1. Which one of these does G195 not meet: (1) more than 25 Å from the chain's Cα centre (by Cα); (2) crowded, with 18+ Cβ neighbours inside 10 Å?
2. Identify, please: which residue in the stretch 333-362 is open to solvent by less than 10 Å² (accessible area, probe 1.4 Å) and among the hydroxyl-bearing types (S, T, Y) and is, among those, farthest from the chain's Cα centre (by Cα)?
3. (1) within 19 Å of the chain's Cα centre (by Cα); (2) more than 30 Å from L389 (Cβ to Cβ); (3) open to solvent by 40 Å² or more (accessible area, probe 1.4 Å): which one isn't true of Q167, the others all being true?
4. In the stretch 259-287, what count of residues is obtained for those that are farther than 23 Å from L188 by Cα, more than 15 Å from the chain's Cα centre (by Cα) and open to solvent by less than 40 Å² (accessible area, probe 1.4 Å)?
5. Of all the helices (runs of 4 or more DSSP H) wholly in the stretch 237-309, which have at least 1 residues that are more than 24 Å from L366 (Cα to Cα)?
6. Does G242 meet the test of being surrounded by fewer than 23 Cβ atoms within 10 Å (Cβ to Cβ) and free of Cβ contacts under 8 Å to residues at least 60 places away in the same chain?
7. Which of the residues belonging to the stretch 308-320 are free of Cβ contacts under 8 Å to residues at least 60 places away in the same chain and either open to solvent by 40 Å² or more (accessible area, probe 1.4 Å) or farther than 26 Å from I169 by Cβ (or both)?
8. Only residues that are buried (at least 19 other Cβ atoms within 10 Å of the Cβ) and modelled with pLDDT of 85 or more: list them for the stretch 289-303, please.
Amino acid sequence: MEVFLIAMAIIFSVPYLIWRLGRTDYFAPLVVVQIITGILLGPGVLGAMAPGYYQFVFTPDVIKILNGLGAWAVMLFVLIAGIELDVRQAWKHRIESGITAGFALGVPLLTGCVAAIGMLMFPGWIGEKGQSWQFVVGVGMACAVTALPILILLMEKLDVLRQPIGQRILRYASLDDVAIWGVLACVLLDWERMGRQVGFLVAFVVACVLFRKLMVRLPERDRWYVMLIWLAVCAFGADWAGLHFMVGAFLAGVVMDADWFDQAQMDWLRHHVLLVMMPVFFLSTGLRTAWSVGGEVVFIAAAVLLLASVTGKLAGVHLAGRILKWKPGEASFIGWLLQTKALIMIIFANILLDKQIITNATFTALLLMAIASTMMTIPVVAPKLRRLLAGQANRSGLPAASSEHPGLEAPAPGNIRP
């Protein structure tokens, strides 16, 4: 217990001090700093520099506790992400949302698959139980992922979350999230467990009908507790069927309606999970990093994956913008926001690693790519937002900071909210 508490003190103090004293929030929010700190505390960096200290703090027993806490934290986080998906709004604007989400997902998926095929030409990237098509589609989808919870946080910082363009971006990301988890379920299909998987899906559909009828009859204070029981049951069923507990956590959330809960309280729950529990997941994620195929090669692979991800996402959104005749500057602004990866891609990569579809080296390359893509977002998007709003003001004959457009001014770097 004493060693575990030392580990917990390190997990919460080191990234916080780096974030606060270094004032990194403009280019690296606390979430990103926590992920980077997890990598630095892992075997690839701290384990190599101070093996004695690393073995003293991160013993097998401590790692088991951290992995358990991290698993429950990420299940809660994925559950909330599923609840926040507003598929009904996307359906109301299904043509525009479908075209944009399709190109925003399909093009980076294609470029990511090309990068994955190139990685297959070299040893050390595909996992022991991974088939070539699983590796290619899995890595390709990792390049196409948009992290909806982190996207919400970044749009809150930019004060566009409740604006029309922010709601549009949420619709596109929501559809992509549904598609991403659907593709992941296909990648994880296990022919030896097909009976279990079909049985789970059938039981899940029946349980959903009963669960939804129950939830609408419960007072709101009881719904929060029943939600946690539902999460544990769905995650267990998915893991027992071989689909992974995080797929079950997402399914548990996506069948719930956001209006069953107070939105402000749900926002607080998401923030508290990020504050209290997710740092443990970031550390346990960092403990999985490895440089077994050579540090330089891993960084090269991460750079190639980043290039495939960013160019694919931007190209896809620009194609959608041309088809839908968006206003100048919108495609670039939306494309850069949608390429934010961070948590969801890391969760996605964790699942691929657990199923041994990818190796630790591939996981490390994907992790570096996710960090870089998220760190690029605010510095690139903030000036684009200022130009976009200036263009809108010029077309309407209003000043950029008009009181008729409250909350639309793009914040200066020093005014980004923590």
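The values are calculated or read from the model by the stated rules, or taken from the named source; none is laboratory data. In this text the structure is predicted, and so the values were computed from the model without any measurement. Note that we place each Cβ from the backbone using ideal geometry, even for glycine, and neighbour counts take in every protein chain shown. Just the protein is used for accessible areas: all its heavy atoms, side chains included, with ligands, DNA and RNA removed. Shrake-Rupley method; radii C 1.70, N 1.55, O 1.52, S 1.80 Å.
1. (2)
2. Ranking the candidates gives T362 first.
3. Against the list (1) within 19 Å of the chain's Cα centre (by Cα); (2) more than 30 Å from L389 (Cβ to Cβ); (3) open to solvent by 40 Å² or more (accessible area, probe 1.4 Å), Q167 comes up short only on (2).
4. 8
5. Details: elements: 245-254, 263-276, 278-286.
Counting at least 1 such residues, we get 245-254, 263-276.
6. Considered against the rule, which asks whether it is surrounded by fewer than 23 Cβ atoms within 10 Å (Cβ to Cβ) and free of Cβ contacts under 8 Å to residues at least 60 places away in the same chain, G242 comes out as yes.
7. Kept after step one, since they are free of Cβ contacts under 8 Å to residues at least 60 places away in the same chain, are these residues of the stretch 308-320: 314, 318.
If the condition is that a residue be free of Cβ contacts under 8 Å to residues at least 60 places away in the same chain and either open to solvent by 40 Å² or more (accessible area, probe 1.4 Å) or farther than 26 Å from I169 by Cβ (or both), then H318 is the only one that fits.
8. Within the stretch 289-303, V298, A301, A302 meet the criteria.
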